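I have a structure here, written as structure tokens, and I will follow up with some questions on it.
Just so it is clear, none of the values below were taken in a lab; they were calculated from the coordinates. Computed from a predicted structure; not experimentally measured. No Cβ is skipped: glycine too gets one built from the backbone with ideal geometry, and neighbour counts run over all protein chains shown.
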Amino acid sequence: MSSKKYLAVVFSALAVLLALAAAPIINIDPFMHYHMPKEEYLYSMYKPWYLNYGIIKNFDYNALITGTSMTDNFKTSEADAIFGTNTIKVPFDGASFKEIDMAVREACEENDNLKLVIRGLDPVNVFKPADYEEYGEKPTYLYDDIIFNDVPYIFNKEILINETFFNTIIYTRWGSKTSFDDYMAWYSSYNYGKQEVLSKYTRPEKTDQKLEYNASAVEMVTENITENVINTAKENPNVEFYYFYAPYSIVYFDRENQNGMLEYNIDSLETAAELILECDNIKLFSFFDNYDLICNLDNYKDIIHYSEKTNTDILNWMKEGTGLLTKDNYKQHFDNMRQFYLNYDYDSIFE
């Protein structure tokens, strides 16, 4: 056999092996990169950074819920009933404003039918740099339609064995269908209440130094909110955006008070609100004056994460207009926050 024929045979055999390896991944598509889930399979949905962009690109919907773990427990069935929508949920636990905005932009670009975006805004992310990303390593090859960079997906031993054969095929045999109500939901896995929250909290020593909310801080918040919250809404005037500040518990405010960060937090939230309220197709909600919620630790599993009942309440409150900030009321809202949280008897939490 000549060397040319030998190389041809080798390359042909290699091509066949690669095709055999890629075929199950492309066909089943465990991360939904190419198509909707196949009806004959049940998909084990537990990796949002791998799944969410496929969901955004390939599912049929006109409303989207996204944010950090503060949005994990939303039920799309409730959103559909309350808002009359067909909703998907694509949370990114721990993500920054930039990382979440990337997904919102993708949904706006991919789906001409998109009418409503419900997005949580975590207070701890308001005063971070505009280009800040929580996760350095992400499967960006799944975030576009460029087939040439899909090699890490379709020729991936771990995805072939673990995700395609084990998690999908085995899950199809023994599992149950994952709905968007259940996707990333964690509420049933935890206990709630004062004892539970305080057992996970180490109270910092009280500092007399307070972080100054200066011009540099205002500029950072302005850049972050403009680039990662407002611009996408302005570029998509036919989409309505319901944004809400995630209502952290009173123990979170204790931590910020102990660290000398409390006024800085509130000031940054007010700056962000002032900017957001200039955008006509964004409705911004804040529940920080709902003291029955925030001061009742029965609603929380730790200092920031609330139960699924609060997620349900948030959907209803937004529909009713409860907690809606406007140009007329937002300053009073934040003045009330300062009055309450700067004067709260935080020591009483630990009695």
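Most exposed first by the Cβ proxy, i.e. fewest other Cβ within 10 Å, how do Phe244, Phe165 rank? If you can, show how the numbers build up before the last one.
Details: Phe244 24, Phe165 15.
If I rank by nearby Cβ atoms, fewest first, I get Phe165, Phe244.
For Lys194, which aspartates and glutamates qualify as cross-link partners when the Cα separation must be under 15 Å and same-chain residues fewer than eight apart are set aside?
Result set, ordered by chain and number: Asp254, Asp292, Asp298, Asp302, Asp347, Glu351.
Find, among the trypsin sites (Lys or Arg not before Pro) in region 259-351, those assigned to loop by DSSP (not H, G, I, E, B) with at most 14 other beta-carbon atoms within 10 angstrom.
Values: sites: Lys283, Lys301, Lys309, Lys319, Lys327, Lys331, Arg338; in loops: Lys301, Lys327.
Sites meeting the loop and neighbour criteria: Lys327.
May I have the extent of the alpha carbons of the chain along their three principal axes, as whole Å values ordered from largest to smallest?
Answer, in whole Å and largest first: 87, 43, 43 Å.
Also, quick follow-up: What would the Debye formula give as log10 I(q)/I(0) at q = 0.17, 0.21, 0.22 Å⁻¹ for the alpha-carbon point model of region 29-95, no solvent?
Values, matching the q order: -0.63, -0.93, -1.00.
What does the charge count around Trp186 come to, taking other residues whose C-beta lies under 12 Å from its C-beta (Lys +1, Arg +1, Asp -1, Glu -1)?
Values: positive: Lys301; negative: Asp72, Asp93, Asp182, Asp302, Glu308.
Summing Lys and Arg as +1 and Asp and Glu as -1 gives -4.
For the chain, what does -39500 (n - 2.57) per DSSP helix run (n ≥ 4), summed and divided by total residues, give at 222 nm, in deg cm²/dmol to the nearest 500?
Details: 15 runs with 145 residues, N = 351.
Result for the chain: -12000 deg cm²/dmol, rounded to the nearest 500.
Return the distance in nm (one decimal) between the two label points of a simple spin-label model at Asp328 and Thr172, each offset 7 Å from Cα along Cα→Cβ.
The modelled label-to-label distance comes out at 5.8 nm.
For the residues Ile282, Ile146, Ile314, what sequence is obtained by ranking on other C-beta atoms within 10 Å, fewest first?
Values: Ile282 21, Ile146 8, Ile314 26.
Going from sparsest to densest Cβ surroundings: Ile146, Ile282, Ile314.
Would you mind checking the tilt of helix 215-225 against the longest principal axis of the Cα atoms of the chain, expressed as 0 to 90 degrees and rounded to 10?
With both axes taken from Cα atoms, the answer is about 40 degrees.
Just to confirm the number: angle between the C-alpha axis of helix 262-276 and the first principal axis of the chain, 0 to 90 degrees, nearest 10?
Its long axis makes an angle of about 70 degrees.
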